[in-house]
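*Asks:* Sharing a structure here in structure tokens format.
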Amino acid sequence: MAMLEALTPSKAPARWQDFLQLLKPRVMSLVVFTALTGLVCAPEGVHPVLGAVAVLCIAVGAGASGALNMWWDADIDAKMRRTRGRPVPAGKVQGADALALGVVLSLLSVMLMGMALNWFAAGLLAFTILFYAVVYTMWLKRWTAQNIVIGGLAGALPPVIGWAAATGTAPLNAWLLCLIIFMWTPPHFWALSLYTSEDYAKAGVPMMPVVRGAASTRRQIWIYSLLLIPVCLAPAFTGLGGWAYLSVSGLGGLVFLLLAWRLFRSKAGEAADPRNDDGLYDVRAGARDARNLFAFSILYLALLFATLLGEHLAGLKPLELL
């Protein structure tokens, strides 16, 4: 447990950059992007000002989740190369301050969403924050190798929240966007964990390569990849995506499967920590297949949502193949 008294107090006043880092801005940018896509794809328009407020609320809620995550996980973050420079374990921000920031931003984002848009969207936002901060961070992450699979729901919900903010409802197509991210999460994070597994082992986090081994993880990545691509193609058959989306999801899906197959056939994750530094991309030869899938998975998801967003902003007619 992340006990406040065990955290190293700050030796100097925290900078605003340290508090910004608590909000996980890179994760927040992906959340905002997918939520905006859900907002724009919703059939009923929303006033631009209210749309901006909705996106702001989702961004603040995502930042609140990040702050709560960093408060609780400070003890294990301090043991891992990838996370030891985060503000709390590095002593730049006190744990109590991270907790307070997370709670205040959580309440602010949910209340503003409810008052400005609708309480259904606010309820979904509140559920997402609680699911990430409590169910995933405090329970699943340290208890089961399925932490990423189940916990992935928190990262998959933003497009549903965006859609609900615009319409007050969450129809099938909104949940289809959620399902894409949900199915994308395991191959994405397990590819990363194949070459950062020593970090997780040191911290006592039961990630799949630590619990089941590299070979099992590579096999599960391949299976999830086979399940993911049909889900990514589905919006072209439900009246959500157009020809551009069908092309991007199909061609990108083929590349994704090729990289997943190469990873499945590789020995990635068998050797000791293959990173040359604390970063995510500078790895030695044995881990490059895992690194390549991890990197392309980010690009593929971004292209899927960018294409949907572009089609709807341009007013292009979606396909109706069913």
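*Asks:* Against the definition (of a type in the set (G, A, S), outside the structural domain of T144 (by TED's automatic domain parsing) and over 19 Å from the mean Cα position of the chain (by Cα)), how does A191 come out, yes or no? Lay out the reasoning, then the answer.
*Replies:* Working: of a type in the set (G, A, S): yes; outside the structural domain of T144 (by TED's automatic domain parsing): yes; over 19 Å from the mean Cα position of the chain (by Cα): no.
So A191 fails the test.
*Asks:* Filter region 151-174 down to the residues that are under 12 Å from the mean Cα position of the chain (by Cα) and of a type in the set (G, A, S) and list them by number.
*Replies:* G151, G152, A154, G155, A156 - these are the residues of region 151-174 that are under 12 Å from the mean Cα position of the chain (by Cα) and of a type in the set (G, A, S).
*Asks:* Inspect region 146-157 for any residue being in contact with a Leu (Cβ under 9 Å, 6 or more places away or on another chain), over 30 Å from L194 (Cβ atoms), surrounded by 16 or more Cβ atoms within 10 Å (Cβ to Cβ) and not assigned by TED's automatic domain parsing to the domain that holds S197 and give the result as yes or no.
*Replies:* No - not one qualifying residue is present in region 146-157.
*Asks:* Hey, another quick one. Show the residue pairs meeting these rules: Cβ distance below 7 Å; 6+ apart or different chains; first residue within region 246-263 and not assigned by TED's automatic domain parsing to the domain that holds Y224 and crowded, with 18+ Cβ neighbours inside 10 Å; second residue among the small types (G, A, S) and part of a helix (DSSP H, G or I).
*Replies:* Between residues of region 246-263 that are not assigned by TED's automatic domain parsing to the domain that holds Y224 and crowded, with 18+ Cβ neighbours inside 10 Å and residues that are among the small types (G, A, S) and part of a helix (DSSP H, G or I), there is no close pair.
*Asks:* A further question on this structure: Yes or no: A201 more than 30 Å from L36 (Cα to Cα) and surrounded by fewer than 22 Cβ atoms within 10 Å (Cβ to Cβ)? Write out each step before concluding.
*Replies:* Details: more than 30 Å from L36 (Cα to Cα): yes; surrounded by fewer than 22 Cβ atoms within 10 Å (Cβ to Cβ): yes.
Answer is yes for this residue.
*Asks:* Also, I was wondering about something else. Could you check region 83-112 and list, in sequence order, the residues that are touching a Gly at 6+ places or on another chain (Cβ under 8 Å) and not small (G, A, S)?
*Replies:* Answer for region 83-112, where residues must be touching a Gly at 6+ places or on another chain (Cβ under 8 Å) and not small (G, A, S): V88, L105, V110.
*Asks:* OK, next. Residues in region 135-145: is at least one touching a residue at least 60 places away in the same chain (Cβ under 8 Å) and under 30 Å from T238 (Cα atoms)?
*Replies:* Checking region 135-145: not a single residue is touching a residue at least 60 places away in the same chain (Cβ under 8 Å) and under 30 Å from T238 (Cα atoms).
*Asks:* When you scan region 260-305, how many residues do you find that are at pLDDT below 90 and hydroxyl-bearing (S, T, Y)?
*Replies:* 1
*Asks:* Take region 43-65 and flag every residue that is in contact with a Gly (Cβ under 8 Å, 6 or more places away or on another chain) and crowded, with 24+ Cβ neighbours inside 10 Å.
*Replies:* At the first step, the residues of region 43-65 found to be in contact with a Gly (Cβ under 8 Å, 6 or more places away or on another chain) are 54-55, 58, 64-65.
Correct list: A54, I58, A64, S65.
*Asks:* Same structure, new question: Looking at region 166-204 only, could you name the residues that are closer than 20 Å to D77 by Cβ and not in a helix (DSSP H, G or I)?
*Replies:* Of everything in region 166-204, those that are closer than 20 Å to D77 by Cβ and not in a helix (DSSP H, G or I) turn out to be Y195, T196, G204.
*Asks:* Taking the condition of being surrounded by 12 or more Cβ atoms within 10 Å (Cβ to Cβ) and modelled with pLDDT under 90, how many residues in region 16-31 meet it?
*Replies:* Qualifying residue count, region 16-31: 1.
Rundown of residues vs (1) of a type in the set (K, R); (2) closer than 25 Å to I298 by Cβ; (3) at pLDDT below 95; (4) in contact with a Ser or Thr (Cβ under 9 Å, 6 or more places away or on another chain), yes/no style:
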position	(1), (2), (3), (4)
A35	no, yes, no, no
V49	no, no, no, no
L56	no, yes, no, yes
A78	no, no, yes, yes
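*Asks:* Another question, then. Just the residues that are part of a helix (DSSP H, G or I), in contact (Cβ under 8 Å) with a residue 24 or more places away in the chain and over 28 Å from Y195 (Cβ atoms), please, taken from region 232-245.
*Replies:* Once the filter is applied, which keeps residues that are part of a helix (DSSP H, G or I), in contact (Cβ under 8 Å) with a residue 24 or more places away in the chain and over 28 Å from Y195 (Cβ atoms), region 232-245 yields A234, P235, A236, F237, W243, A244, Y245.
*Asks:* Taking only region 17-67 into account, find how many residues are of a type outside the set (A, V, I, L, M, F, W, C) and closer than 18 Å to L112 by Cα.
*Replies:* First pass over region 17-67, keeping only residues of a type outside the set (A, V, I, L, M, F, W, C): 17-18, 21, 24-26, 29, 34, 37-38, 43-45, 47-48, 51, 61, 63, 65-66.
Okay, now just the ones that are also closer than 18 Å to L112 by Cα, so 47-48, 51, 61, 63, 65.
The qualifying residues number 6.
*Asks:* For region 118-125, state whether one or more residues are buried (at least 17 other Cβ atoms within 10 Å of the Cβ), free of Cβ contacts under 8 Å to residues at least 60 places away in the same chain, farther than 18 Å from G66 by Cβ and in the same structural domain as S266 (by TED's automatic domain parsing).
*Replies:* no
The values are calculated or read from the model by the stated rules, or taken from the named source; none is laboratory data. In this text, all values refer to a predicted model and were calculated from it rather than measured experimentally. Note that we place each Cβ from the backbone using ideal geometry, even for glycine, and neighbour counts take in every protein chain shown.
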